[in-house]
Every structure is written in C-alpha cells, then in structure tokens.
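Contents: one structure, followed by commentary.
The values are calculated or read from the model by the stated rules, or taken from the named source; none is laboratory data. The structure presented is a predicted model; accordingly, all values stated were derived computationally and were not measured. FYI the Cβ positions are ideal-geometry reconstructions off the backbone, even for glycines, and counts take in every protein chain you see. Heads up: the accessible areas ignore ligands, DNA and RNA and are worked out on the full protein's heavy atoms, side chains in. Shrake-Rupley method; radii C 1.70, N 1.55, O 1.52, S 1.80 Å.
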Amino acid sequence: MALLKISLRARRALAAFLKDEAAGGYVLMAAAALALVVANSPLAPAYFAALHESIGPMSVQHGINDGLMALFFLLVGLEIKREVLDGQLSRPADVLLPGAAALGGVIAPAAIYLGFNAGHPDSIAGWAIPSATDIAFALGVLALMGPRVPTSLKIFLTAIAIMDDLAAIVIIALFYTAQLHLLALAGAGAVLLVLIALNRLKVLSLWPYLLLGAVLWVLVLKSGIHATLAGVALALTIPLRADDHSPLHRLEHALHKPVAFVITPLFGFANAGLSFAGIGLSALLDPVPLGVALGLFLGKQVGVFGVTFGLVRMGWARLPRGASLGQLYGVAVLCGVGFTMSLFIGGLAFSDPLLIDETKIGVLAGSLASALVGMGILRLAKPGA
C-alpha cells in the first residue's frame, strides 16, 4: 500500500511537472521571439542599454543570470533529487536507458563542436554549449503533437533532460569556475554543513534553509564558483519525506510557476536578443555557430538515438512503452532544442561580445532546426505496438 501511494504521488507530481514545463515552454518561446524583435527594432539601443544598467554591484543582465537563475538551478536540483529518490529515476533499471542516452547526448555534440573549433583557441571553451536539452522548450514542442506521442516518450524525454541538467551542473562546476577565493569557499562549506545538519535533525520548516541558502549564494558568488550552483547545493539539503507536504514538495510546487513563467522567460528575453544588422548567412559558417548548431542538431540525435538504439538492439533495455523506433528518433532530434542552458553556458564560456552573438546564432539555428525536424518526424512516424 505504501509503495502504491508513493507511485501515485510520483505520477501526480510528474503530470503537474509536464503540464507546467510545456506551458512554460510556450512563454519562453514568446520571450525569445520578442527579444529578437526588440533587438532588431528602433527599441534596440534602449534594450541593450537597459541590460547593462547597474543595480547595486551587478548589471541587470548579470543580476538575472547570476541571481534569478539561482532559483532556476534550485528548482532543477529539487527535481533531480525527487526523481532520484522518489520518481522515474529511483530504480537502477529505469536509469540505464535515459542515463546512457543523456551521456551520448553530451559527448557527441561536444565532439562535433570541438571538431569545428579545434584550431581556434579563443572559442574552444564553448565545447559544452550544445550539450544540454532545454526541457521547457522541448516539452512545449512535444505537447504540440498531442496524443500522437505516447506519455512514455514524454517521460523519457523528461528523464534525459533532467540527466542533461545534472551533467551541465557538473560541467559548470568543473570547467567554468574562475579563480577560487578560499576564505569565501570555506564559509560556503560551513554554511552547507549547517544545512546538512538541519536535514539530519529533521527540521521541516523551510525558512531556515532559505535564509541560509541566501547566505550560501553570497559566499559562493564571492568564492569564484558560479553563484547559481548554490541553488543546486541548497536543493540537495531540502528534506524529502513520503508525503506531498514534505519541504521538498512544498518548495518545488512554490517555485514551478515563478521559474516557468517569470524567471526563464526573463532570462530568455535578456539573453536571446541578437541584432541581425550586418549578419549574413555566411555567419553561420563560422566555427562557433556552426559547431553549436550542428552539435545541437546532429550531435544530439546521433548521441541520444545511437546509444538508445544500441542498447535496445543488444537487449539491455526496452523501448518506452507504446513507442516505435521512428517516434524515438523524433524525440532524439527534439533533444537538440538547447536554448536556456546552452545560452547560459555560452555566457560562462565567452566574454567576447562577438563570440556571444555567434553562440546565439548557433543556439537559435540548431534549436529551431531540431524543433521543426523533430516535429516532422513525429508526425510521420508510425505508433508503436
């Protein structure tokens, strides 16, 4: 009976998650489109100037990317913890297929990017840009397909995207960390130990965690590690109990709509703005945009579908229930929609405005191609048995 209750709770949480993420994806698409329109309109000078206005020690764009996005990463951390302990990734057998597919979907895009940028030391740091799937965008596109796509494939895509996010977090921590300031890092470690102690002592009120989390964010910001990782660290200390009113469920529920409908669209609006003045089609052939676009469009489908197909053919895994190989391939192509995390990593990899603009070109081109081709494949694919 207890297992049944946990299973029903996990299904309800997943259904709400899919609904919110799909709807949030539409808002994110609209925000990105609006940013492109504004950046190529008479409002462009005001738009770019506003992003560089100072609010305290940070610019507006810096505040969004390092401040508000910490809440995005907090939600990502909560989702990963819930799925691993009480959801679709809680059994080793359920982790193999999406985990291996996600790994393939990180390695293949990075290899393609490196292939185009190996001789360019200024751009080599962008290798991780095409490595992550944007779950909100991808689920939003998948939701447009309606009932012709089985729920099992939506769950599979969600699991891959969550594993992708976990890989992106590790990549950011290991490869995009500036010079460390040991005193601030030690302070952050001490705060994290207090948070762990609160968890061990079964403190269920959220306020102590959130107040200490704010202190943790400041210390991580000053330490040289990217400040958004404080959100992930905080998430891992939030208690999860076997009921819908546990601190983790309450915080996740409270964050879903603000993150989906305010924070990620605001990030998209602040980071997707790209002026096309002076940019021709030949710009797509530069190493950075070409590596990013092909990494997302080709690398993701090769990595995700290739690994999945191999595991299924060897008998080590089964296709998601009710899905055909054609449908699985369509979802693998959709994994190339890499908007939010790709732009975020691009901002960490490059400080040169030209390379940042080239990153935007590659992300937009690769994500758009993946969305359109993925939808086309899913419309034509025959359903599974």
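What are the residues in region 65-84 that are among the aromatic types (Phe, Trp, Tyr) and either open to solvent by 10 Å² or more (accessible area, probe 1.4 Å) or over 12 Å from the mean Cα position of the chain (by Cα) (or both), if any?
Correct list: PHE72 only.
Looking at region 240-250, which of the residues that are open to solvent by 10 Å² or more (accessible area, probe 1.4 Å) and either at pLDDT 95 or above or in a helix (DSSP H, G or I) (or both) is farthest from LEU166 (Cα to Cα)?
Here the residue is ARG250.
Take the residues of region 15-34 that are open to solvent by 50 Å² or more (accessible area, probe 1.4 Å) and modelled with pLDDT under 80: which is nearest to GLY278 (Cα to Cα)?
So, considering only residues that are open to solvent by 50 Å² or more (accessible area, probe 1.4 Å) and modelled with pLDDT under 80, the one nearest to GLY278 (Cα to Cα) is LYS19.
Output the number of residues of region 123-138 satisfying the condition of being more than 12 Å from the chain's Cα centre (by Cα) and open to solvent by 10 Å² or more (accessible area, probe 1.4 Å).
3
From the residues in region 278-331 that are surrounded by fewer than 20 Cβ atoms within 10 Å (Cβ to Cβ) and of a type in the set (Phe, Trp, Tyr), which one is farthest from SER342 (Cα to Cα)?
TRP316
Out of the residues in region 35-64 meeting the condition of being in contact with a helix residue (DSSP H, G or I) (Cβ under 6 Å, 6 or more places away or on another chain) and under 30 Å from ALA235 (Cα atoms), tell me which one is most open to solvent (accessible area, probe 1.4 Å).
ILE55
Name the residues in region 148-157 that are farther than 16 Å from VAL333 by Cβ and of a type outside the set (A, V, I, L, M, F, W, C), would you?
Listed by number, the residues that qualify are PRO150, THR151, SER152.
Which members of region 334-385 meet the condition of being surrounded by fewer than 20 Cβ atoms within 10 Å (Cβ to Cβ) and among the β-branched types (Val, Ile, Thr)?
Listed by number, the residues that qualify are ILE356, VAL373, ILE377.
Can you give me the number of residues within region 175-186 that are at pLDDT 85 or above and either among the acidic types (Asp, Glu) or open to solvent by 20 Å² or more (accessible area, probe 1.4 Å) (or both)?
7
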